[in-house]
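Q: Once you've had a glance at the structure underneath, I'll fire off some questions.
Just so it is clear, none of the values below were taken in a lab; they were calculated from the coordinates. Being a predicted model, the structure only gives us computed values, none of them experimental. Using ideal geometry, Cβ is built from the backbone for each residue, glycine included, and neighbour counts are taken over all protein chains shown.
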4 protein chains.
Amino acid sequence: MAKSKYEYVREFETEDKLLPNVFILVRIDGKGFHKFSAEHDFAKPNDVRALNLMNHAARSVMNELDDIVLGFGESDEYSFLFRKSTDLYQRREAKIVSTVVSLFTSAYVYYWRDYFPDSSRPKYPPVFDGRAVLYPSEVEVRDYFAWRQADTHINNLFNTSFWALVEQGKMSPRAAEVKLSGTDSKQKNSMLFEEFDINYSKIPAIFRKGSILLREQIPKDMDKDAIIPTLPETLPGSMVAKATLFTVIENSSSSLDTPSETTDSENVIA
Amino acid sequence: MAKSKYEYVREFETEDKLLPNVFILVRIDGKGFHKFSAEHDFAKPNDVRALNLMNHAARSVMNELDDIVLGFGESDEYSFLFRKSTDLYQRREAKIVSTVVSLFTSAYVYYWRDYFPDSSRPKYPPVFDGRAVLYPSEVEVRDYFAWRQADTHINNLFNTSFWALVEQGKMSPRAAEVKLSGTDSKQKNSMLFEEFDINYSKIPAIFRKGSILLREQIPKDMDKDAIIPTLPETLPGSMVAKATLFTVIENSSSSLDTPSETTDSENVIA
Amino acid sequence: MAKSKYEYVREFETEDKLLPNVFILVRIDGKGFHKFSAEHDFAKPNDVRALNLMNHAARSVMNELDDIVLGFGESDEYSFLFRKSTDLYQRREAKIVSTVVSLFTSAYVYYWRDYFPDSSRPKYPPVFDGRAVLYPSEVEVRDYFAWRQADTHINNLFNTSFWALVEQGKMSPRAAEVKLSGTDSKQKNSMLFEEFDINYSKIPAIFRKGSILLREQIPKDMDKDAIIPTLPETLPGSMVAKATLFTVIENSSSSLDTPSETTDSENVIA
Amino acid sequence: MAKSKYEYVREFETEDKLLPNVFILVRIDGKGFHKFSAEHDFAKPNDVRALNLMNHAARSVMNELDDIVLGFGESDEYSFLFRKSTDLYQRREAKIVSTVVSLFTSAYVYYWRDYFPDSSRPKYPPVFDGRAVLYPSEVEVRDYFAWRQADTHINNLFNTSFWALVEQGKMSPRAAEVKLSGTDSKQKNSMLFEEFDINYSKIPAIFRKGSILLREQIPKDMDKDAIIPTLPETLPGSMVAKATLFTVIENSSSSLDTPSETTDSENVIA
């Protein structure tokens, strides 16, 4: 039979099982999203529609893959934490990473029109890449999310200042960059307040702190786990503790599959 | 600065560079496409719209990634061959695999409506996974594609027979399976011809032999490489030889980005 | 310069850093030691000289590599546990494994004559191989050593019974094997006691339970850590706890580099 | 049974099979051999006894492992080339590397007294480490050996010049280093000839070009392959071609296991 003659090529496949009993973290990133956001007129410094679409796509991933207990998003990236004990695809790395990336990408294109109703699809297909990282302990997981959230803060403070100078201050991008160069957080905060009447701490938390999706076990009269959009302020300590312990909580209510059901709180993601 | 304090978590990232100077083959597969094709009423045993959408998505991948020299598709899977010397993403495995999978998935959802005009998007987001395999020599590459094409043939002959028995022969799926069990290719061919007047060798080549996308260098008065849909009969020998050598050919013309421009030949992919 | 022209070959070297913050376990095994022990007339079922030479070689390894906190030996194998935080050779796998194996092999040949004084060296060079395994938590480390110690027990009880039948019982090896086939521990214990007057529990612990080398911090008036031969009964629970925590203990005395200084206790290794 | 309860720890072992059909190169290096050679009064700049012992150890490795077709040694390092098709230990990396390193180390200690007859063993056990590198094609293999041989030349020319200045020229090591700093090969050659009457090209090839062990198939009336010490001048081109093709040659005679049988030619290794 022809099949057997050629099937030796399978011996070149390598086993890529990830070490058992450590946390698997998959992070995806938009490719060329500087251009993509410009082409689609994303609001500066943050486009809440785009962030909510990211969150929707992330929720789709978590709805499919039960072993993801925590998601964290900012800008065009999203991080997904799998429970330590997951045996998804026998922990094969390429299978896990490619599935997460494909699920996310698929949902991003699919739900685009729900967030950008003027167009039924983007101008061209968006692309994300992804990678897996292993973390043996809760401490590193907590610090991983603290790292991403610190990054969110730093980038957002810079971007908020930059676009205030450019859009309200009528500066050239180049001049704005020069003016911000070397300033620290305090100076940016003061500048925003004094020159543009922007109280940075009042900016929506989704911009300052990113978005969190936490899986929580739900009361026994409900039929499955829920993915809970959560106050980003609580990252990283207690949040990661919850995610890693995956504790039961009592009051979980929101149905998460339709963007219209998000709460009205400024700092809860769609 | 907060960043530095947490950034140690990056030390847990592992380098995943693929060995230089060997062929990289990335194969993607639809996940749950048995259900997906049933939900979307794909024609049995083959849905030419679905295959053409696969080919369109594959062409999108090859348009973005110049180092892919050959693509081969069948059913819900597609294989992409990178040239030996590619330094795409410094040959980082996760980056390469996740980008190919994301590009493919994105294009599949994006171009859906061009192939299934009754609906603007599928009923739910489709998902693909992917993996990379390394092949040191042209012999293994040729045998890899021979393996996939033999698989195409075996599956298609079985499926053609099965659906002839079920749809034309009014057999139950179970009875059809029993009848086919243990038959060889010759017996299936005879059965198709005698009972259903189907000359298997006249079935479109895209069904019997799969789809091929070959990148070829184009005449110097044209401005870039072209991805050429090619007669699948020529796989694997001379085709792989061409792909691996990436030879210059003279007559390449078709613009490949719009499905309407496919030729009328029955065995050229869309 | 000639060097630069060829140095591209280094790009084919791959990074093999082991995940940080997990336990590294290196296990070495004698190759062809069935033949090696026969050629050198090792006593059956256990040769205390050979075991003490193994222990001496293991101690040499631990004297060189400070980050090994626990060693466990049985027959022709030895396991070495590195502390979680070790950065030895930047955790490069091949470097760690090959160094441990080379140190062990070198010491085994070097100290041979101290344990087999009739010959200055073995009849031919002995060989060991090795591998590394990662364990994220103390539980797995404890169970790893429990696994090896259970193996020691099972093998030794079988071998003790087998050689009693062959040497004292004058059975053929084949007949002894048949007689033991299907017997459980209790039956072997009874047989040894009733037929050969051997109280299995009185056999030296080094045979029944293997050898342990534990690194312990020593009182501050001493100048470096000590590697303590320890009662094997205490494996695995408290022993691994000690090793993984690397606690300070008060009473550490023995100088460990010369085999003559071993205690006379039956269950303390040389 | 106790065994099964703990055996789950084996699941943490990872598969480390090397890609099929590429050359495996294992290079070993002495650890701390600067100190080791000083402690044992190795002659400067080269100690022929030490080099011959290295060659003997390498030959022991090649006698055990039939799939090594070429060895190249210089100073305290040795490189071993496996044939592409080797399936030794199912190409498991740790097993291959650790076995080569252990074999080499064992033989080095074992045969020490044959090359340093004043002492039955070194002052302390010597240690080597090792690593594997994969090379897909003959070109890279050839360039790998060219790289190591260029390294041999550069180091030996420097060392020869340095020790001429120190031992014959009565310079301090520091002054010798300063004098050589920035000189090219030609200047070193001239200096050696004019100041010390040393014609560098007349120095034994084993010092200038390293040692080569080539496995060759032997005439059919002989019973196994032979490992042939070969003129180092022939590296790398034809040598690697021979090794990689493993061609049959007619006239191979020397029995290689005893150092006394080496030829008197200056450029043939012991």
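Q: Compute the Rg to Rh ratio over the range A:93-195 from the alpha carbon atoms, using the Kirkwood formula for Rh, and round to two decimal places.
A: On the way: Rg = 19.3 Å, Rh = 17.4 Å.
Reported Rg/Rh, Kirkwood definition of Rh: 1.11.
Q: Once phi is turned into ³J(HN,Hα) by the Karplus curve 6.51 cos²θ - 1.76 cosθ + 1.60 with θ = phi - 60°, what whole-Hz value does each residue of the range D:167-174 show in order, with x for glycine and proline?
A: Computed from phi, the couplings for the range D:167-174 are 7, 8, x, 6, 7, 6, x, 4 Hz.
Q: OK, next. For the range C:115-159, what does the alpha-carbon gyration tensor say about shape, rounded, prolate or oblate, given a ≥ b ≥ c as the root eigenvalues, a/c under 1.5 as rounded, and a/b over b/c as prolate? List each step's numbers first, then the result.
A: On the way: a/c = 3.48, a/b = 1.77, b/c = 1.96.
Here the range C:115-159 falls in the oblate category.
Q: For the rotation taking chain A to chain C, which residue of A has the Cβ nearest the axis, and how many Å away is it?
A: That would be A:P136, 2, residue then distance in Å.
Q: Run through the other copies and list how far each one's label point is from that of D:N199, in nm with one decimal, shortest first; the point sits 7 Å from Cα along Cα-Cβ.
A: 8.3, 8.4, 9.3
Q: If you don't mind, there's one more thing I want to ask. Distances from B:P173 to the same residue in each other copy, label points 7 Å out along Cα→Cβ, in nm, shortest first?
A: With the label placed 7 Å along Cα→Cβ, B:P173 yields 5.5, 5.8, 8.0 nm.
Q: At what distance in angstrom do the alpha carbon centres of the range D:76-149 and the range C:131-158 lie from each other?
A: 30 Å
Q: Taking neighbour counts of Cβ atoms within 10 Å as a proxy for exposure, in what order, fewest first, do B:H34, D:H40 appear? Please list the in-between numbers first.
A: Values: B:H34 9, D:H40 18.
Arranged by neighbour count, lowest to highest, B:H34, D:H40 become B:H34, D:H40.
Q: Arrange D:D47, D:D41 by Cβ neighbour counts within 10 Å, fewest through most, would you?
A: Ranking D:D47, D:D41 by Cβ neighbours within 10 Å, fewest first, gives D:D41, D:D47.
Q: What Kirkwood hydrodynamic radius do you get for the range B:65-135 when you take the inverse of the mean 1/r over all pairs of distinct Cα atoms, in Å? Don't skip to the answer; put the middle values down first.
A: Values: mean 1/r = 0.0731 Å⁻¹.
Hydrodynamic radius (Kirkwood, Cα pairs) of the range B:65-135 is 13.7 Å.
Q: Another question about this same structure. Quick one: grab Rg to one decimal and Dmax as a whole number for the range B:1-63, Cα atoms only, in Å.
A: For the range B:1-63, the Cα-based Rg and Dmax read 20.7, 61 Å.
Q: When each copy gets a label point 7 Å from Cα toward the beta-carbon at B:K186, what are the spacings between them in nm, shortest first?
A: 6.4, 7.7, 9.0
Q: Please rank A:E77, B:E194, C:E177, C:E74, fewest neighbouring Cβ atoms within 10 Å first, as an exposure proxy. Write out the running numbers ahead of the final one.
A: Working: A:E77 19, B:E194 9, C:E177 14, C:E74 24.
Fewest to most other Cβ atoms nearby, the residues stand as B:E194, C:E177, A:E77, C:E74.
Q: Starting from 0 in steps of 5 Å, tell me what percent of the Cα-Cα pairs of the range C:137-222 lands in each bin.
A: Each 5 Å bin holds this share of Cα pairs: 3, 12, 19, 18, 14, 10, 8, 6, 4, 3, 2, 1.
Q: Ok, one more. When you look at the Cβ of every residue in B:103-116, what mean number of other chain Cβ atoms sits within 10 Å? Provide the component values of the computation, followed by the final result.
A: On the way: counts 7, 4, 14, 11, 5, 5, 9, 9, 2, 3, 2, 0, 0, 0.
Counting Cβ atoms of other protein chains within 10 Å of each residue's Cβ and averaging gives 5.
Q: To check my understanding: the extent here is largest minus smallest coordinate of the Cα atoms along each principal axis. What are those three numbers for the range D:3-124, in Å, largest first?
A: Sorted largest first, the three principal extents are 53, 36, 22 Å.
Q: Let me ask you something else. Ordered by residue, what ³J(HN,Hα) values in Hz, to whole numbers, does the range B:116-132 give under the Karplus form 6.51 cos²θ - 1.76 cosθ + 1.60, where θ = phi - 60° and Gly and Pro are x?
A: In residue order, the calculated couplings are 10, x, 6, 10, 7, 7, x, 5, 7, x, x, 10, 10, 10, x, 7, 10 Hz.
Q: Here is a further query. Work out the mean other chain Cβ neighbour count within 10 Å for the residues of A:20-27 and drop it here as an integer. Walk me through the numbers before you get to the answer.
A: On the way: counts 8, 9, 7, 2, 0, 3, 2, 1.
What the average comes to for A:20-27 is 4.
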